[in-house]
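Visitor: Submitted below is the structure of interest, expressed as structure tokens.
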2 protein chains.
Amino acid sequence: MLENKERTELTSLGEFGLIKHLTEHVETYNNSTIKGIGDDAAVIKYDNEKHTLISTDMLVEGVHFDLTYVPLKHLGYKSVIVNLSDICAMNALPKQVTVSIAASNRFSVEALEELYGGMLFACKKYNIDLIGGDSTSSTSGLIISITVIGEAKKEDIVYRNGAKEKDLLCVSGDLGGAYMGLQILEREKFVFKDNPNIQPDLEGNDYILERQLKPEARVDIVELLKNIGVKPTSMIDISDGLASEIIHITTQSDLGCELYEEKIPLDPQTFDRAREFNLDPTVCVLSGGEDYELLFTVPMTDYEKIKNQPDITIIGHMTPKSSGVNLIAKAGTSHPITAQGWNSFK
Amino acid sequence: MLENKERTELTSLGEFGLIKHLTEHVETYNNSTIKGIGDDAAVIKYDNEKHTLISTDMLVEGVHFDLTYVPLKHLGYKSVIVNLSDICAMNALPKQVTVSIAASNRFSVEALEELYGGMLFACKKYNIDLIGGDSTSSTSGLIISITVIGEAKKEDIVYRNGAKEKDLLCVSGDLGGAYMGLQILEREKFVFKDNPNIQPDLEGNDYILERQLKPEARVDIVELLKNIGVKPTSMIDISDGLASEIIHITTQSDLGCELYEEKIPLDPQTFDRAREFNLDPTVCVLSGGEDYELLFTVPMTDYEKIKNQPDITIIGHMTPKSSGVNLIAKAGTSHPITAQGWNSFK
């Protein structure tokens, strides 16, 4: 898409010129942003009763993303979203981000404009202020490092370690879609490698492709929970697969868990594609990751408030540690869950 | 140094294992750190009247550092320091950092332990809490991304744009040393390349080598200024060379400046080595960078408070914009200063 456009080399702008160019149209949306880009540091100030939350993520080309099928604009959008999701996972609201990038001379100024375009689109959609960052050259590929800053009242913050026995295990949205979207993209990449004249066949996969390429941060769930008067006892976002996230909560809360396979929310497209790929949809959910849904526990006393929420599904409950962490399969059999979270070093 | 030690591959620990391993001995020193490493986000809370400052930097192997002569422990130390310096440059105090690294499989667990050892040494020295981060694999080399968080009262924060006409231009410490240290290291690298049996000749260069390899953040100057009742009207830290930093202050304050060459503080070792390398010491100061000293302006009325401070030198004064930004050479001649800050894209 970018090939037909003008190509401006990074060297023509220089380090300061590039970051100035990429951020010149940055708007701020929050009163808490006292000073954004343009000095040695950004300055923020939350209400007196608010705590500040900080999270950071690094994305490396060839490890976390593959530019043969991920458009730079989508990459920019997603790289902001995955950070916002970490703040949501604390039951808090994201407000600011800093963005640092390292890019080799393979990238043109126009390419980085696309990337920033996606980032700023996410910022605008979620009312997030881009308040700082860094840009530099890299010897190979593209590296994106984002830090997100958010706020919450002290009493609203939810950690991973607060789940209690008999709490209900809940999840937002549906799971496994991002992983199946990735399978489609990988398949079409190999088809394209064999024969560059074949156009990618993506039809009928809109939903799962969007789950992979353009995920959302569940700020709406944080707001919904507040509105219905539910404070989770523990919460985490699903970046590495349901199994890995359940293990984080059970380990840090010193509990066990029963997860009911039949309760796991799946979009029909996710289910159908998994079957076509000869994959078990449940395994895709447990090990796939990148759904960026929220996994959380609530006291049984909140059951009435939760049960009719269309975007929240109760998928299990917390048990004593001695019972272990188990999947109760559709047939009724019990299977220990082991962490199979994604490991970039393997 | 690391070659004789055991080598543990990164793959043996995995992503979570690595970050857990590297951060297991992390201590926190500040009451403002409510929750550090171990959840989706860190939580901090400053006093009600304090603002939060955020800055971020990315360091790329082969662009910002050369591991043929920079020990990993020093690299870790310096990578924290350069971030702390950005908060000092706001007349604020750094309190927390997050650290993300991407490392190729060329690096062993022991090598990254060295890197983190240096980072944690800097944190301990400056009472900084390491509150989060990310670790991932890279396809090539080592990339370090650090975000620093600091605090200041609203009325104490100093921006780059507040300098006034006739203000005195001041600098902490001495300049040009880090650049001359780099010249020594580069020279010895080339000697070593030609003949690996020759031991590097670093004798008599302790001071400038330390300026390059183990710089410090001038938290002490921020505290000194507070103690003597001086609030700068503008401030910046010297990372890219004095010329570039002066241009930042004059541009953002809409002023000109006269910088007196004879006033520039130089360590004798910096001066002598520059001469030996046939370099003009003043050019080394203007274009060299990485001294991480503070450059700031104060009203003339603060002259008495500043003049006898051994660690602060008055090097010039601010003029109307129409007068331009000029170096007044030792001979009395005036020369326009142009930004020659370091550009990683060239």
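The values are calculated or read from the model by the stated rules, or taken from the named source; none is laboratory data. Being a predicted model, the structure only gives us computed values, none of them experimental. Note: ideal-geometry Cβ built from the backbone for every residue, glycine included; neighbour counts use all protein chains shown.
Visitor: Please find, within the stretch A:91-110, the residue that is surrounded by the fewest Cβ atoms within 10 Å (Cβ to Cβ) out of those that are facing another protein chain (nearest Cβ under 8 Å) and farther than 30 Å from A:SER172 by Cα.
Guide: Taking the candidates together, the pick is A:ASN105.
Visitor: On to the next question. Filter the stretch A:83-106 down to the residues that are assigned to a loop (DSSP other than H, G, I, E, B) and modelled with pLDDT of 95 or more and list them by number.
Guide: Result: A:ALA89, A:MET90, A:ASN91, A:ALA92.
Visitor: Next up: What residue, of A:VAL43, A:VAL60, A:VAL97, A:VAL70, is free of Cβ contacts under 8 Å to residues at least 24 places away in the same chain and hydrophobic (A, V, I, L, M, F, W, C)?
Guide: Exactly one residue qualifies, and that residue is A:VAL43.
Visitor: On the given criteria, is A:GLY162 modelled with pLDDT of 95 or more, out of contact with any strand residue (DSSP E or B) (no Cβ under 8 Å at 6 or more places or on another chain) and not assigned by TED's automatic domain parsing to the domain that holds A:HIS51?
Guide: no
Visitor: Return the total of residues in the stretch A:139-169 being crowded, with 24+ Cβ neighbours inside 10 Å and either within 11 Å of chain B (Cβ to nearest Cβ) or in a strand (DSSP E or B) (or both).
Guide: Selection size over the stretch A:139-169: 10.
Visitor: Right, something else. State yes or no: is A:ILE81 touching a residue at least 12 places away in the same chain (Cβ under 8 Å), more than 8 Å from chain B (Cβ to nearest Cβ) and either within 23 Å of A:GLN212 (Cα to Cα) or not hydroxyl-bearing (Ser, Thr, Tyr) (or both)?
Guide: Yes; evaluated as a whole, the condition is true for this residue.
Visitor: Same structure again: Conditions: (1) at pLDDT 90 or above; (2) surrounded by fewer than 19 Cβ atoms within 10 Å (Cβ to Cβ); (3) facing chain A (nearest Cβ under 8 Å). B:ASN30 meets all but one. Number of the miss?
Guide: Every condition holds for B:ASN30 apart from (3).
Visitor: Restricting attention to the stretch A:126-138, report how many residues are more than 7 Å from chain B (Cβ to nearest Cβ), in a loop (DSSP other than H, G, I, E, B) and of a type in the set (Ser, Thr, Tyr).
Guide: Result for the stretch A:126-138: 0.
Visitor: Quick one: which residue in B:LYS231, B:LYS226 is surrounded by fewer than 17 Cβ atoms within 10 Å (Cβ to Cβ), farther than 21 Å from B:THR333 by Cβ and either among the basic types (Lys, Arg) or touching a helix residue (DSSP H, G or I) at 6+ places or on another chain (Cβ under 9 Å) (or both)?
Guide: From the options B:LYS231, B:LYS226, the qualifying one is B:LYS226.
Visitor: Sticking with this one: Could you tell me whether the stretch A:303-312 includes any residue that is surrounded by 15 or more Cβ atoms within 10 Å (Cβ to Cβ) and in a strand (DSSP E or B)?
Guide: Yes: the stretch A:303-312 contains one or more residues that are surrounded by 15 or more Cβ atoms within 10 Å (Cβ to Cβ) and in a strand (DSSP E or B).
Visitor: Within the stretch B:41-73, track down each residue that is of a type in the set (Val, Ile, Thr) and more than 7 Å from chain A (Cβ to nearest Cβ).
Guide: Of everything in the stretch B:41-73, those that are of a type in the set (Val, Ile, Thr) and more than 7 Å from chain A (Cβ to nearest Cβ) turn out to be B:THR68, B:VAL70.
Visitor: Take the residues in the stretch A:44-64 that are touching a strand residue (DSSP E or B) at 6+ places or on another chain (Cβ under 6 Å) and farther than 13 Å from A:GLY150 by Cα, then tell me which one is surrounded by the most Cβ atoms within 10 Å (Cβ to Cβ).
Guide: A:MET58
Visitor: Report the residue count in the stretch B:111-120 for those that are within 16 Å of the chain's Cα centre (by Cα) and either polar (S, T, N, Q) or surrounded by fewer than 24 Cβ atoms within 10 Å (Cβ to Cβ) (or both).
Guide: Residues meeting the conditions: 1.
Visitor: Taking the condition touching a residue at least 24 places away in the same chain (Cβ under 8 Å) and either part of a loop (DSSP other than H, G, I, E, B) or not assigned by TED's automatic domain parsing to the domain that holds B:ALA92 (or both), does B:GLY332 pass?
Guide: no
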